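Asks: Here it is, the structure in full.
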């Protein structure tokens with residue numbers, strides 16, 4: 001498949017390729033032996049937990065308080 005680099009150094013990935021990575025928004029880009037290599041970057045489990053806590057409205061201070069309370073009771 002052919003992809004053209006724009007004047008702003010952007011490349012659009014072909015649909016057939018992107019379809020293989022439906023849950024990926026970011027790619028790590030490197031150059032290996034004259035080839036451009038894209039590696040999918042998926043959020044790690046810690047990021048998913050942080051996103052869930054944020055969605056639930058749980059702040060960093062709430063977590064710190066919970067940890068301190070748990071340590072007092074152990």
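Asks: State the number of residues belonging to region 1-34 that are in a strand (DSSP E or B) and in contact (Cβ under 8 Å) with a residue 12 or more places away in the chain.
Replies: Here is the first cut: in region 1-34, the residues in a strand (DSSP E or B) are 26-32.
With in contact (Cβ under 8 Å) with a residue 12 or more places away in the chain added as a condition, the list becomes 26-28.
Total satisfying the criteria: 3.
Asks: Suppose the filter is within 21 Å of the chain's Cα centre (by Cα) and surrounded by fewer than 10 Cβ atoms within 10 Å (Cβ to Cβ); does residue 15 pass it?
Replies: On the way: within 21 Å of the chain's Cα centre (by Cα): yes; surrounded by fewer than 10 Cβ atoms within 10 Å (Cβ to Cβ): yes.
In short, yes.
Asks: Would you tally the residues in region 39-68 being closer than 30 Å to residue 18 by Cβ and out of contact with any helix residue (DSSP H, G or I) (no Cβ under 9 Å at 6 or more places or on another chain)?
Replies: Count: 15.
Quick grid of which residues meet (1) touching a strand residue (DSSP E or B) at 6+ places or on another chain (Cβ under 8 Å); (2) assigned by TED's automatic domain parsing to the domain that holds residue 63:
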position	(1), (2)
2	no, no
5	no, no
16	no, no
21	yes, no
31	yes, no
47	no, yes
50	no, yes
53	no, yes
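Asks: Can you name the residue in region 23-74 that is more than 24 Å from the chain's Cα centre (by Cα) and surrounded by 11 or more Cβ atoms within 10 Å (Cβ to Cβ) and, of all such residues, is nearest to residue 12 (Cα to Cα)? Talk me through it step by step, then tell me what you get.
Replies: The initial filter retains those residues of region 23-74 that are more than 24 Å from the chain's Cα centre (by Cα), namely 33-34, 61-62, 64-74.
Subset that is surrounded by 11 or more Cβ atoms within 10 Å (Cβ to Cβ): 62, 65-66.
Values: 62: 42, 65: 46, 66: 46 Å.
Out of the qualifying residues, it is 62.
Asks: A follow-up question, please. Where the second residue is surrounded by 10 or more Cβ atoms within 10 Å (Cβ to Cβ) and the first is within 24 Å of residue 24 (Cα to Cα) and lies in region 45-74, which pairs have Cβ atoms under 8 Å and are six or more apart or on separate chains?
Replies: Sorted first by the residue in region 45-74, then by its partner, the pairs are 51/43; 53/63.
The values are calculated or read from the model by the stated rules, or taken from the named source; none is laboratory data. Everything quoted here is computed from the prediction, not taken from an experiment. Here Cβ is always computed from backbone atoms with ideal geometry, including for glycine, and neighbour counts include all displayed protein chains.
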